[in-house]
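Engineer: The structure's right below; bear with me while I get my questions together.
A short reminder: the numbers here are calculations on the coordinates, not readings from a lab. Please read these numbers as outputs of a predicted model, since none were measured by experiment. Heads up, the Cβs are rebuilt from the backbone with ideal geometry, glycines too, and the neighbour counts pull from every protein chain shown.
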Amino acid sequence: MTEPLSVAGLLTEKDVRKLTRLERGGTVGPTAVYYAGVTAPIISASMSVLMRRAMELVGASPYWQWLVAALVAAFAGIAWYLIFIRWSYRHTHGRGTETTLETRISLEEERLVIQRGGIETRVAWSSVSGVTSSGGHMTVRLDGAAPLIIPNTWFGKNKAARQAFLAHLKEKAQT
C-alpha cells in the first residue's frame, strides 16, 4: 500500500463563499420565501379589515371604505413581504470553523478522509460523484453531503503536487 496523498490548509472567506455558492442556489432560503408568501396575505387581509372598519367609523361611503381598505392592504402586504425577505437574507457564509480550523484531506486506498479539528469524515470512493478543477480550486461533489472545496493555494507553488493530487482524486472517484 502506498502512502496516502494528503493536503491541508485553512479556507479563506473567499473560499467559504465559493463553497456556499456551490451548495446554495440563492441568498434567501426556500423556507423564508414560503413564510413571506404565506404571511403577506394574512397581513393584507388584517389591514383590509382594520381599515374598512376605521373608514366605516368615520362615516366614509362604502366606495371609499373599500378603496382605502384595498390600497392599504396591498401596500401592507407588499411592505411586509419585502421586509420579511430582507430580514431573511443570509448574511454569513459557512458554519464558523472553516476559516479557523485547519482542514486536512487525505486520499487513502479505500476512502477519502476529511479532518477539521476533532472531526473526521470518511467518504467511500463510491460516494464521490464528481471532481472538477476550475477557478483556483478543486471541487469534490459527494452523494448525500455538501461539496468539498480544495483551494489550489493549499499546494503552495507546487503545481506538480496539485496535478498529482487531482489525478489521483479523479482516478479513485471513477473506480
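Engineer: For Trp66, Trp154, Trp80, Trp87, which order do you get if you count the other beta carbons within 10 Å of each Cβ and list the fewest first? Mind dumping the intermediate values first?
Structural biologist: Working: Trp66 15, Trp154 22, Trp80 18, Trp87 10.
Neighbour counts put them in this order, fewest first: Trp87, Trp66, Trp80, Trp154.
Engineer: Normalized C-alpha radius of gyration of segment 30-88, against 2.2 N^0.38 Å?
Structural biologist: Working it through for segment 30-88, the quotient is 1.28.
Engineer: Restrict the search to segment 109-175; then list the GluC sites (Glu not before Pro) that DSSP places in a loop and that have at most 13 other Cβ atoms within 10 Å of their Cβ.
Structural biologist: Sparse-neighbourhood loop GluC sites (Glu not before Pro): Glu109, Glu110.
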